[in-house]
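Read the figures in this text as sums done on the coordinates, not as results from a lab. All values reported here derive from a predicted model rather than from experimental measurement. Using ideal geometry, Cβ is built from the backbone for each residue, glycine included, and neighbour counts are taken over all protein chains shown.
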Amino acid sequence: MSVVLAPAPLLSRSYRATTAGLFALAFLFAFESMAVATVMPVVGRELDGLAAYAIAFSAPMAVSVLGIALAGSWTDSRGPAPALRWGVGLFSLGLAAAALAPTMAVFLVGRGVQGFGSGLAGVGMYVLIAKAYPQAMRPRVFTVLTSGWVLPALVGPAAAGALNELLGWRWVFGLAPALAVVAWLALVPALRRTSGTGAVKNDGARAAWAAAVAAGILGVGYAGQRETEWWVLLFSVSVAAVLLAAPRLLPPGTWTLRRGLPAVIAVRGLVGSAFLGAEVYLPLALVQQRGFSPVQAGLLLTASAVAWFAGSWLAANVRYLAHKVRRVGLGAAMLTFGVGVSVLSIDAGT
């Protein structure tokens, strides 16, 4: 008769440092995402770069696509250690550049470097989980990563607003690199025990398509500023690049909403884009048009995070929401209503 041993606790001596390091990195990635949305109105005003407001958000996301594409084959051949080391290093370097930026152009470059680093590190973190934890423990580790995103959503906006008012917006970016390095050091012992297959996979085509998508997204953002006479041409070329390259990175049928996984990915992307778009521009509108302070604008983002957590809990515990189609339909309808009310409430009386 075989005896099935219970999985070890995540904070046992064998896994404590690795679990803490993974949580800390997830927390920092999430905190910076929420913090930037809170302080960007101040950054744009002080660096005279409100015209490039959208690029400050699209740049790291676009470049992270390339980082993710490159990290896949890299971690297969070398294990997660190099991707995590370079990812955390570039993430920290980008944050430092943003904190010290004398101009908006330097700030945007820093944001791009930060995004590339987070793309590399994100893949490295998932591969490390697969290699450092037995299969029975992995679901709980992913819960740790999820909590690393939930907590910053609750406290990040208000904390970033307060930090901006006490020390200035540069400290929102300047404090994180030291914490990121500490988190990586906690992962070093586990990383030393991992390795890759040693086989080098030629994934240059996928990386090239990812680079084309990143360039297209950045081009759309720059063209949207309408600061050049040829912005229409740039916009058209950029959209064409995304339309041509993105299908090479997605399951077939994603853009035509083919039933199954392709439709799920497409709808998830549309819903996420709508939520992110509102979250990015809401603080700017509140600060610029309504005279809110960054702390006040951040508190509203915190309120949306609390509502998001409440929706997730209800979806998992209310029997009426157990039906998947009903749950998704209701969620999409509420998102549409919420974004619409936000737009109308800000625009009213302006």
Using the per-residue mean of other Cβ atoms lying within 10 Å as a proxy for protection, in what order, highest first, do the peptides 283-293, 39-49 fall? 39-49, 283-293
Just the ratio, please: alpha-carbon radius of gyration of the chain over 2.2 N^0.38 Å, N its number of residues. 1.03
Which of LEU47, SER58, ALA101 sits farthest toward the positive end of the charge dipole of the chain, with +1 on the Cβ of Lys and Arg and -1 on the Cβ of Asp and Glu? SER58
Net length gained if the chain between ALA105 and SER345 were fully extended (0.36 nm per residue, minus Cα distance): 83.1 nm
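Answer rounded, prolate or oblate for segment 69-168, using the Cα gyration tensor with square roots of eigenvalues a ≥ b ≥ c: rounded when a/c is under 1.5, else prolate when a/b is larger than b/c, else oblate.
On the way: a/c = 3.61, a/b = 1.41, b/c = 2.56.
Judged from the Cα gyration tensor, segment 69-168 comes out oblate (a/c at least 1.5, b/c at or above a/b).
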Could you order the peptides 268-276, 22-30 from most to least packed, using the average number of other C-beta atoms within 10 Å per residue? 22-30, 268-276
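Multiplying the sequence separation of PHE337 and ALA240 by 0.36 nm and subtracting their Cα-Cα distance, what value in nm do you get? Kindly include the intermediate steps, with their values, before the conclusion.
Details: separation 97, 0.36 × 97 = 34.92 nm, distance 3.13 nm.
Extending this stretch completely gives an extra 31.8 nm.
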Between 0 and 90°, nearest 10: helix 204-223 axis offset from the chain longest Cα axis: 20 degrees
Roughly how many nanometres apart are two label points built 7 Å out from the Cα toward the Cβ at ARG78 and ALA263? 4.2 nm
At 7 Å along the Cα-to-beta-carbon direction for both VAL182 and TRP231, put a label point, then send me their distance in nm to one decimal. 4.4 nm
Taking Cα atoms, how many degrees apart are the long axis of helix 294-317 and the longest axis of the chain, rounded to 10 and kept between 0 and 90? 50 degrees
Hey, in the GNM for the chain with a 10 angstrom Cα cutoff, which one of TRP308, TRP74, TRP86 fluctuates hardest? TRP308
What's the angle, to the nearest 10 degrees (0 to 90), between helix 176-192's Cα axis and the longest principal axis of the chain? 20 degrees
